[in-house]
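Everything below concerns the one structure shown next.
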Amino acid sequence: MSGSQQARSTSTPFALGGMSGYLLKGGRVVDPSSGVDAVGDLLIADRVIAEIGDSIDPGSIEVIDVSGLVVAPGLVDMHTHVREPGREDEETIASAARAAAAGGYTAICTMPNTDPVADTASVVEKVWALGREAGLVQVVPAGALSKGLVGESMADIGEMARSVARVRLFTDDGKGVQSALFARRAMEYLIAFDGIYAEHCEDESLALGGQMHEGERSIALGMRGIPAEAEELMAARDVALSRLTGCRLHLLHISTAGTVELVRRAKSEGVPVTCEATPHHFTLTDEALEGYDPNAKVNPPLRSEDHRDAVIAGLADGTIDAIATDHAPHAIEEKDIEFQYAPPGLVGLETSLALTLTELFHKGHLSLSDAIERLSCAPARILGLPDHGTLAVGGPANVVVFDPDASWEVDPHLFHSLSRNTPFGGRKVTGRVVHTFFNGNPTTRDSELVGVSV
Amino acid sequence: MFKHLLSMDQLSADDITRVLDTAESLRQVTDRPIKKLPTLRGRTVCNLFYEASTRTRISFELAAKRLSADVINFSADSKSSVAKGESFKDTAWTLEAMGVDAIVVRHGSSGAPLQLSRWVKASVLNAGDGWHEHPTQALLDIFSIREHFKDLSGLNVAIAGDVLHSRVARSNVKGLVTMGANVVLVGPPTLIPIQARSWGAEISYDLDSVIEDVDVCYLLRVQKERATEQLFPSNREYAANWGLDSRRVAKMKPDALVMHPGPMNRGVEISADVSELPRSIVLDQVSNGLAIRMSLLYLMLGGAEEGDVS
């Protein structure tokens, strides 16, 4: 089975020391993939989940008291920008892995807009190998659809799919594919490799030069707007092409009411489409731009309240499958300038669980189980990662333990990411990662990174 | 009074009246043979211009000099400055270290004056930022209107032209609405954002239907390249529909004013003959600009505490 094969191939390089496992005692074990939600013990032995039960005898294994905490499958981020290769000052694969582990993640899917672009097998294999070396999470490289992300000639899709990195998700993220013909051809071709066509939905002719969401606030602030329709037109085109070709389609970071409704209808009609939304899009609105804070500049832009509410409703009813960070590190000097010249993007790996719990769970939009489904199970399923998004007994122990009620204040200076660009600095949030286990090894213990070889 | 002037949003009707009244007194200085007051002696004002400007920079420079302040001019094209590597923030800190008391800033990026105000202790005066605001222009325009009508409340003001890309329009609508005027924005739908209704302005796409009722017809500069951006078919068609020519002027009330912030594109938003009519107060706007900027520097740099102007 490919699952067990993958488990072996992703086991961490560092040794376990003398321990052979951990007993997580007395936590609320929530695994949406099997419907489990009960207080009990979870035994990690020989790197796998050995047993889940009422009162497991630890024997000589270390017992970790997790009473009052939630034990869930490790989080899976479908959308992480690492800056390696190319801008290692902003984020390396190792630093992204540290940020991810601290944020409760056990797998991240890295976007291909690096320098050089991940459009060949050699680049994705390098990213994959550096991920293994970092050892804290499974690094799953996405590949580009087009060479150089230009949208003209196809990247080496088959070679990336057949490489050791086994690329499954292909995207030109950072840009949308502007040519409908190119999109169609890419979708058709991807079917041979069971690939997913993932789109950053943005019609450039409508969005060009836009600084923020187009609406009352962009007009008042005097900034060129990006209308919701720039996203919706491309989403509608891609849904039509997915229906035509049968290719699996994943819409990245959807942000508008129209896109949510489009996906809802497409799913009801059987189109093979999935989508994701980011914590910043369900937490913030374009009101965050009123002080011209470049850290709130992001693409797609923070939308108005009606769009934000539609995204929340889409997450609540399952139209939106996954919560993804769109973690996009930028150097301080690139963000601490005039709004118009600052690049879009913000870091999210270390705040996503807290924001999900604060904004969706504690406000009653999502059950705890649904929150875990969106942060872990669904992304693992979409990416085809059988070792993640589940607490199946016998499988690799990829586990997060968090305190849903712990309140803290976001301090960007404490991030493990090399970048600090977040609009959430100083924000009070509720819900904190306590422990993360990757393949049975703790990567975070008591909210501190462990097993880090810098 | 207020530390920074970033947006007309921050000014109440009383604030605006105070700025105008102070300008009224200070204007008398310019009629004297020695056109100078000692009020800001020892103070330093820096004109930090990231966009080309002649009239606004000269107006600020002269205003500061008439109040005996020392003036530094720093001009940089924003893009070349970024390319050169000195960031906006480093420039701000440099000026701060030199001990300037006020920074007059013009910048192509909306919000740049607000960002600057968070980095320095000096007072920041917005001399135009992107499409966002140009508050001193609005104050001098309101001053010019008040000279003719005494009271702005109930006046009908049409602002015609490229509202979408205009910082002058944004500041003027806010200021005029605050002072009780009725504002209608006129132009092709591609240049009039419908969201402007939330500023308290009406919208019309037909200049002829409003021209008879207006007390002030305020024309915005329509840059000639807007036609090539497909915002309207041609400058000729723009002029025919929304330009102010003598035919439309003939329909205006006899005491109605024609205004323009300059520089004018004659033949597009305004015909050459109209710009020279007596009811055109374009040059009054320029001289009033000096008085308004003196007033602001005087009020903001604390001159008001040192005694009466007159």
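The values are calculated or read from the model by the stated rules, or taken from the named source; none is laboratory data. These figures come from a predicted structure and were not determined experimentally. Note that we place each Cβ from the backbone using ideal geometry, even for glycine, and neighbour counts take in every protein chain shown. With ligands, DNA and RNA removed, areas are computed over all heavy atoms of the protein, side chains included. Shrake-Rupley method; radii C 1.70, N 1.55, O 1.52, S 1.80 Å.
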Cα centroid of the stretch A:264-324 to Cα centroid of the stretch B:38-57, whole Å: 45 Å
Counting only DSSP beta bridges with both residues in the stretch A:74-383, what percent are antiparallel, rounded to the nearest 5? 5 percent
Cα-projected label distance for B:Thr190 with B:Arg266, points at 7 Å along beta-carbon direction, nm: 2.6 nm
Nearest-0.05 FRET efficiency for A:Arg243 and A:Val393 at R0 = 35 Å, using Cβ-Cβ distance, is 0.35
Using the basic label-point model (7 angstrom from Cα toward the beta carbon), what is the B:Gln230 to B:Gln10 distance in nanometres? 4.0 nm
With the cut-off at 24 Å, tell me which of the pairs B:Lys150/B:Lys253; B:Lys3/B:Lys150; B:Lys89/B:Lys224 have Cα atoms farther apart than that. B:Lys3/B:Lys150; B:Lys89/B:Lys224
May I ask for the distance between the Cα centers of the stretch B:216-255 and the stretch A:50-97, given as a whole number of Å? 64 Å
Is there a quick way to get the dipole size of the stretch A:74-383? I mean about its Cα centre, with the Cβ of Lys and Arg at +1 and of Asp and Glu at -1; what is the value in debye to the nearest 20? 1020 debye
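Shape verdict for the stretch B:135-281, please, from the Cα gyration tensor: rounded (a/c under 1.5), prolate (a/b greater than b/c) or oblate.
Judged from the Cα gyration tensor, the stretch B:135-281 comes out oblate (a/c at least 1.5, b/c at or above a/b).
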List every residue whose amide H lies under 5 Å from the amide H of B:Ser75, counting only residues 5 or more places away in sequence or on a different chain, with H placed 1.01 Å from N in the peptide plane. B:Phe49
1/(1 + (r/R0)^6) with r = Cβ-Cβ of A:His413 and B:Arg18, R0 = 51 Å, i.e. FRET efficiency to nearest 0.05, evaluates to 0.70
Zone residues, the stretch A:116-146, relative to A:Glu152, backbone N less than 15 Å from point 7 Å out along Cα-to-Cβ: A:146
Of the accessible area of the stretch A:161-215, with the probe set at 1.4 angstrom, what percent is carbon plus sulfur? 49 percent
The set of residues whose placed amide H lies less than 5 Å from the amide H of A:Thr274, leaving out same-chain residues fewer than 5 positions away, is A:Leu249, A:His250, A:Leu251
Counting only pairs 8 or more places apart or on different chains, how many lysine pairs in chain A have C-alpha atoms closer than 24 Å? 9
Between B:Lys121 and B:Glu96, 0.36 nm times their residue separation minus their Cα-Cα distance comes to what? 8.3 nm
For the stretch A:101-153 and the stretch A:340-374, compute the distance between their C-alpha centroids and round to whole Å. 23 Å
For the protein assembly as shown, report the accessible area per residue in Å² (1.4 Å probe, heavy atoms, rounded to an integer). 36 Å²
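When DSSP beta bridges are limited to those with both residues in the protein assembly as shown, what percentage is antiparallel, rounded to the nearest 5?
35 percent
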Relative contact order (percent) for chain B, with alpha-carbon contacts under 8 angstrom and 6 or more residues of separation? 20 percent
Calculate the FRET efficiency for B:Ala250 and B:Phe2 from the Cβ-Cβ distance with a Förster distance of 30 Å, rounded to the nearest 0.05. 0.10
Estimated inter-spin distance, A:Glu188 and A:Ser34, nm [label 7 Å along Cα→Cβ]: 4.5 nm
Please list A:Tyr341, B:Tyr50, B:Tyr205 in order of solvent-accessible area, largest first, computed with a 1.4 Å probe with all protein chains present. B:Tyr205, A:Tyr341, B:Tyr50
Integer Hz, Karplus 6.51/-1.76/1.60 couplings in order for the stretch A:84-100, x for Gly and Pro: 10, x, x, 10, 5, 6, 8, 5, 9, 5, 5, 6, 5, 5, 5, 4, 5
